[in-house]
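This report concerns only the one structure given below.
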Amino acid sequence: MGVTVFSPAKLNLFLAVTGRRPDGFHDLVSVAAPLDFGDELEAETGGRGYALACDDPAVPVDGSNLVLRAAGAYAVATGWDEPVRFRLTKRIPVGAGLGGGSSNAVAALRALNQLAGGRLGEAQLAGLAAALGSDCALFLAQAPVVMRGRGERVEPLAPGAAARLRGRRVLVFKPAFGISTPWAYGRMVARGTDYLPADQAEARLARWLGGEAAAEELLYNNMEPAAFEKYVPLPLLLAKLRAEFGVAVAMSGSGSACYALLHEPDTRGDAEVTAMSRRLREWAGAEIFMQEARLA
Ligand code: C5P
């Protein structure tokens, strides 16, 4: 028996890291949304134990991979331990702030739960997912959410606010270098000056949620200064995009992927995508990753 599960990428439209916690994680207030672009995970019973294959040789397929860690957690929680072969088709770049690892973990939990006949409900899946990655709750929600705590507390956006995001076209791009999430948070700690106090973060978010402003007005990420300090080309790319195309741009999560909100929601925007892609390649080199997508 086999199942195939879509494993989307995400974007943070709003990300305010508010401070460091005693457990070493950071508290944050964020608005994030899954994209219609992502990886694919196939799971099939058979073989011996758990096995993982991936089409991207740069992705480790040993026990450190979140797919196999999720499988282990699922077996412990349910006692269902049939052998499963996973095949991951990787499209989300690693070290990008697009949530690929957390998304793959959630995809593995969903695949296993289907194979095992739905042994766990949503709340139990959420409990397992929270221990695997800070973005897992968002991927379980499968909708635009407000994230709090270290990311594990999510609530769906109110319908009016979600409607201002849903379907928006974006151009996601990532230079050849990636950023490790612990490194980015480590830089925030070292800099010490980038945190936005929780009450200010909540007030800023509440203004957007309670108003009518478009998605452009929501964009904010206070992890940018830490990332930009090391990777100087990134802010230059964003500034050039803003100046030449008049688009709103931001970094997603801890980077290094950034995105531009496109002006046109339909195919009239194709010309904008083409022009932007050409300029990004000129500025950042041929190895830049680019992907057009929509907020789901
Ligand atoms: O949970 P996740 O695997 O995404 O986190 C990777 C690392 O990023 C954590 O070990 C921690 O160092 C840092 N992190 C953090 N605060 C968060 C999320 C992640 O400090 N809210």
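The values are calculated or read from the model by the stated rules, or taken from the named source; none is laboratory data. This one's a predicted model, so the numbers in the text were calculated from it and none came from an experiment. Here the Cβ positions follow ideal geometry from the backbone for every residue, glycine too, while neighbour counts run over all protein chains shown.
Return a yes/no flag: does the stretch 80-87 have any residue that is in contact with an Asp or Glu (Cβ under 8 Å, 6 or more places away or on another chain), outside any helix (DSSP H, G or I) and among the aromatic types (Phe, Trp, Tyr). Yes, that holds for at least one residue.
Restricting Arg279, Arg187 to those that are under 20 Å from Leu98 (Cβ atoms) and not assigned by TED's automatic domain parsing to the domain that holds Gly24 reduces the list to Arg187. Residue check: is Arg207 within 20 Å of Asp135 (Cα to Cα), out of contact with any Asp or Glu (no Cβ under 8 Å at 6 or more places or on another chain) and either of a type in the set (S, T, N, Q) or in the same structural domain as Tyr220 (by TED's automatic domain parsing) (or both)? No, not satisfied. Screening the candidates Gly97, Gly101 for the property of being touching a helix residue (DSSP H, G or I) at 6+ places or on another chain (Cβ under 7 Å) and within 18 Å of Pro182 (Cβ to Cβ) yields one hit, Gly101.
Based on this model, can you work out whether Gly149 counts as modelled with pLDDT under 95, within 16 Å of the ligand (Cβ to nearest atom) and not aliphatic (A, V, I, L, M)? In short, no.
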